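Below you'll find the structure, written out as structure tokens, and then a few comments.
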Amino acid sequence: ADFAKSAVMTKLFKAPTPESAILWGLLHIKIVRCKNLRNLDKLGLKSLIVKRKKDLSDPYVTAWLEDYRLLKTRFVDDDLDPVFDEEFYCPVAHVTEGIKFKVKDKDVVKDESLGTYFLPVQELIQMNEDGDLQRVGVHKVVYLDGKKSHGSLEFFVEFLPVRMLAHTMEVPGVYFKQTKGNDVKLYMNADDDGSAPIVTYGEDAKVWKPPRLWRDIYDSICSAKHFIYMAGWSFDIDQYLLRGDDLKEAERLSSYPAKLGDLLLKKSEEGVVVNLMQWDDYSSNFAFPGMMGTYDEKTREFFQGTNVNSMFMSMEGGDVNTIFEGQNKKMAFTHHQKFIMMDTPKKNGDGGKELLAFVGGIDLTEGRWDNRKHPLFRTLQMNHKGDTYGKCFRVSKENGPRQPWHDIHSSVRGPEALDLIQAFSERWTKQAPQLVGELVNLHRIGLGDATTLENDGGWYTQLSRSIDSRVNAFDVSVKQSFQNIKIDQMGAFGWTSASDKKAEKSRRFVTNSNSLLSYNRCLDQKKGRLVDTSIHMTNIHHIRRAKHFIYIESQYFMGSSFMWSNSSERDVKCHNMVAAELTMKICDKIAAREPFAVYILLPMWMEGIPDAAATQGLLYWQRVTIEAMYQKVHEALQSRMANSPDHGLKVSDYLNFYCLGTRETSEGSQATGVPTTEDEKLLAKTRRHQIYIHSKMMIVDDEVCLIGTANINQRSLDGCRDSEIMMTSWQPDHLASEKSIAHGDIHAYRLHIWASITDQMNDAYRDPSSPECVKLVNSIADSNFKKYMGEETVDMTSHLLPFPLEFYDGELRPRRGLHGGHLPDTDADAMGKKSYILPEMFLT
């Protein structure tokens, strides 16, 4: 029963009080209005700065679960009776005593309190006779601070437990709906050389044939006849999309250059519309390449005066931001989306054309071209000549080693490409309004109708984003479709009066029905601006749907600060719910005594010199997130073993973190210089390097694959920080059941990744939730770790390593085998160190 599981998890997530309860599901909240508020502005600073006929309070409303902010309305200027009528859909996975509503007066120096109201969580919790949580709605008009003289707040809140929410493949209540009739490709790395162990799958033992990303992008750009749209964090116009024999063949036979900048120029000179959006690094200029090295100034200069429409876009503040906040937004946050669209000949070869789009984590820039072999020194004068990239150590291009790169991408033919083109056009319209005329009319070229674009690929897809209206022009028709919920409509469930001495009006309903649950808006809102947070919602939705296992690759892993062990850090604004949802799912499975496994692949450390303050700060916030997860899972296992015949269970039976690394002997080295820096001298001896994980992917039960640009951190999932994009893909003919994972192309793709990084295709991989698979994967990682850290230098072809932190004796500590708790070949603390200089908002 839900009650038993809830009681266990309430104990796990916070030291319980009699007033605490768990909320795992959805809070649907409407802030209606305030009345008769106090005027705090009559002698305020604003009246001295801005001469107005009237100077009244400028109220807005926030709602909180302890330190976790659920919502923030717009502020209403000079109004003591403001009408908000704003709705919010808030996923929750919290143990809480209740919701605190705060009404404040926005002011020049410091916002002042107009009053508060606390809604105890017990008013939202109701069980049926079977012990299952029910849907509960509350409508109140309350006196702020319990005093009629402080004015009133009207609101509606309903709580829907997880079991009553939709478990469809399509994520409900978001901007982009699912599309059908697509053909999807799933890529590993910029190049997949076909050297991985063979993967067979399905009843007919099909063989997985890995596609090659940069080869496909090159061919697709060459074949475009009407338009090419490109959006990226970084473009390097000097990067070759082809290497080795492919490059030689293209130089000999193709009329198109393989160098990115020259290729786009060539296409634009043919009359193809080439529109390029690149993030404008605020720290770069004509004399300084910028802190992030994105080559925006080089790209700007290269395409200036050409037929390529290249636009460089920074993040922007809005009307409600101060000048300082606006400048911070430009400096601290980025356009991180990476996607490409073009017209292309139909795959079936009938002579027609269709739309093709690429979306994922790989920028067309320095250091990204790599394959599963991940060479360090052996390609410095061949495939990586001029492209020797490294930011983890102080090394030169001549001496190396280069920084190996592991990444994930996808492509789609079909109607989904229309949604990706819409996402591109909305950004272009907002930040390049002078060039809106350069957007191609797809109907005029016969590519504007979703139905005619459908193919027999058999894939469904759904697009999601993190972006807000300061940098995106949301479709007017979508905004006009927002509905204003009528609270009295909920009376179908039977309102009953509820006693509340601090309320002018209080009523409640309880039901087992999830009918009348509709999302009246498909965009979130913050301070009155529209925000698309659908990537966050999509991650939560599919974690909650998981039955057997979850596999994640991410460059960063931070969040759910409300469950961190140190209560003084729970107010850090890193509140995305991915870590909490994963933990809740694992604990739920533990309580049900069902097998379940979560595998998470991260970098050994984030890009940057590892002992630098920024890198250490990043490692710290990631560590406290991982630590909180391990602690909760550990406590769940202790509770299960104390109340069942099960014994000997470990956290690593359910949750494991990994990284990748490689070593190579000096044979075949193409390093040409003499090591000069201390890092170069050391690495010339140890000849090892982490393989940098830049991927942003989640696979759930091998039935659904989420690939995009968003990391698991607040920057990526907030909606108001970095802009991001993600495509979710699935095959309706290959879905998981309660007894089995799916066995379609996503299954084969995940097996291919695992076979590539472990250099073996073991049949245990086919059942990733089984104890046998978990133990095998961990034993492979442990064996590789000994080779990676050993005195003898060897060629490593299996690259999976355990993460530098491990949970043992009830604590998270540096992995045994690391020297002094330091990351390999460094003096950097593997646990990270909190930065008291760099704001956590920038790091998380």
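Points to keep in mind about this one:
- In region 245-253, the condition of being surrounded by fewer than 15 Cβ atoms within 10 Å (Cβ to Cβ) and of a type in the set (Lys, Arg) is met by at least one residue.
- Annotation note: Cβ proximity below 6 Å between a residue of region 776-803 that is in a helix (DSSP H, G or I) and a residue that is of a type in the set (S, T, N, Q) and at pLDDT 95 or above (sequence gap 6+ or interchain) occurs for Ile780/Thr758; Asn784/Ser798.
- Breaking point among (1) open to solvent by 50 Å² or more (accessible area, probe 1.4 Å); (2) more than 18 Å from Leu751 (Cα to Cα), for Gly194: (2)
- Residues in region 158-185 that are closer than 11 Å to Leu26 by Cβ and part of a strand (DSSP E or B): Glu158, Phe159, Leu160, Pro161.
- Considering residues of region 528-549 that are touching a strand residue (DSSP E or B) at 6+ places or on another chain (Cβ under 6 Å) and farther than 16 Å from Ala710 by Cβ only, the residue most open to solvent (accessible area, probe 1.4 Å): Arg529
- Verdict on Arg507 being closer than 30 Å to Lys430 by Cα, open to solvent by less than 70 Å² (accessible area, probe 1.4 Å) and among the charged types (D, E, K, R): no
- Which numbered condition Arg815 misses (of (1) open to solvent by 60 Å² or more (accessible area, probe 1.4 Å); (2) out of contact with any Gly (no Cβ under 8 Å at 6 or more places or on another chain); (3) of a type in the set (Lys, Arg)): (1)
- Verdict on Asp571 being under 19 Å from Val774 (Cβ atoms), open to solvent by 10 Å² or more (accessible area, probe 1.4 Å) and either free of Cβ contacts under 8 Å to residues at least 24 places away in the same chain or not aliphatic (A, V, I, L, M) (or both): no
- Only residues that are more than 29 Å from Glu703 (Cβ to Cβ) and open to solvent by 50 Å² or more (accessible area, probe 1.4 Å) were counted in region 460-481, giving 6.
So that you can scan it fast, the table gives a plain yes or no per residue for (1) among the hydrophobic types (A, V, I, L, M, F, W, C); (2) within 24 Å of the chain's Cα centre (by Cα):
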residue: Glu416; (1), (2): no, yes
residue: Phe424; (1), (2): yes, yes
residue: Pro433; (1), (2): no, no
residue: Glu438; (1), (2): no, no
residue: Val471; (1), (2): yes, yes
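- Qualifying residue in region 270-280 (condition: open to solvent by less than 40 Å² (accessible area, probe 1.4 Å), modelled with pLDDT under 95 and assigned to a loop (DSSP other than H, G, I, E, B)): yes
- Residue check for Ile600: open to solvent by less than 20 Å² (accessible area, probe 1.4 Å), closer than 30 Å to Met188 by Cβ and outside any loop (DSSP other than H, G, I, E, B): yes
- Number of positions in region 201-211 that are open to solvent by 50 Å² or more (accessible area, probe 1.4 Å) and either closer than 26 Å to Met796 by Cα or of a type in the set (Asp, Glu) (or both): 4
- Of all residues in region 368-407, those satisfying the criterion of being in a loop (DSSP other than H, G, I, E, B) and farther than 19 Å from Thr672 by Cβ are Arg368, Trp369, Asp370, Asn371, Arg372, Lys373, His374, Lys391, Cys392, Pro404, Asp407.
- Answer from Arg766, Arg688, Arg750 - the residue that is within 14 Å of Phe549 (Cβ to Cβ), touching a strand residue (DSSP E or B) at 6+ places or on another chain (Cβ under 9 Å) and surrounded by 21 or more Cβ atoms within 10 Å (Cβ to Cβ): Arg750
- Breaking point among (1) on the phi < 0 side of the Ramachandran plot; (2) among the polar types (S, T, N, Q); (3) open to solvent by less than 40 Å² (accessible area, probe 1.4 Å), for Asn189: (1)
- Scanning region 580-594 for residues that are open to solvent by 10 Å² or more (accessible area, probe 1.4 Å), part of a helix (DSSP H, G or I) and under 14 Å from Ser639 (Cβ atoms) turns up Asp588, Lys589, Ala591.
- Test: Phe482 is hydrophobic (A, V, I, L, M, F, W, C), at pLDDT 85 or above, under 36 Å from the mean Cα position of the chain (by Cα) and under 23 Å from Glu154 (Cα atoms): no
- Checking Ala755, Ala710, Ala742 one by one, the residue that is among the hydrophobic types (A, V, I, L, M, F, W, C) and open to solvent by 10 Å² or more (accessible area, probe 1.4 Å) is Ala710 and no other.
- Candidates Ser113, Ser57, filtered to the one that is of a type in the set (Ser, Thr, Tyr), assigned to a loop (DSSP other than H, G, I, E, B) and either modelled with pLDDT under 95 or over 24 Å from Pro18 (Cα atoms) (or both): Ser57
- Those residues of region 421-459 which are open to solvent by 50 Å² or more (accessible area, probe 1.4 Å) and either in a helix (DSSP H, G or I) or of a type in the set (Phe, Trp, Tyr) (or both), in sequence order: Gln422, Thr429, Lys430, Pro433, Gln434, Val436, Gly437, Glu438, Thr451, Thr452
- Per-region count, region 506-525, residues of a type in the set (Lys, Arg) and closer than 21 Å to Gln126 by Cα: 2
- Look at region 820-844: where a residue is closer than 14 Å to Met558 by Cα and open to solvent by 30 Å² or more (accessible area, probe 1.4 Å) and a partner is of a type in the set (A, V, I, L, M) and part of a helix (DSSP H, G or I), sitting 6+ places away or on another chain with Cβ atoms under 6 Å, you get Phe842/Ala332.
- If you go through region 138-180 and keep only what is at positive phi and open to solvent by less than 10 Å² (accessible area, probe 1.4 Å), you end up with just Gly151.
- Residue within region 388-398 that is more than 24 Å from Ala755 (Cα to Cα), under 30 Å from the mean Cα position of the chain (by Cα), at pLDDT below 95 and hydroxyl-bearing (Ser, Thr, Tyr) present: yes
- Subset tally (residues that are over 22 Å from Ala628 (Cβ atoms) and crowded, with 20+ Cβ neighbours inside 10 Å) for region 769-795: 8
The values are calculated or read from the model by the stated rules, or taken from the named source; none is laboratory data. These figures come from a predicted structure and were not determined experimentally. Neighbour counts are summed over all protein chains in view; Cβ atoms, including those assigned to glycine, are modelled from backbone coordinates with ideal geometry. Just so you know, the surface numbers come from the protein's heavy atoms only, side chains and all, with ligands and any DNA or RNA stripped out. Shrake-Rupley method; radii C 1.70, N 1.55, O 1.52, S 1.80 Å.
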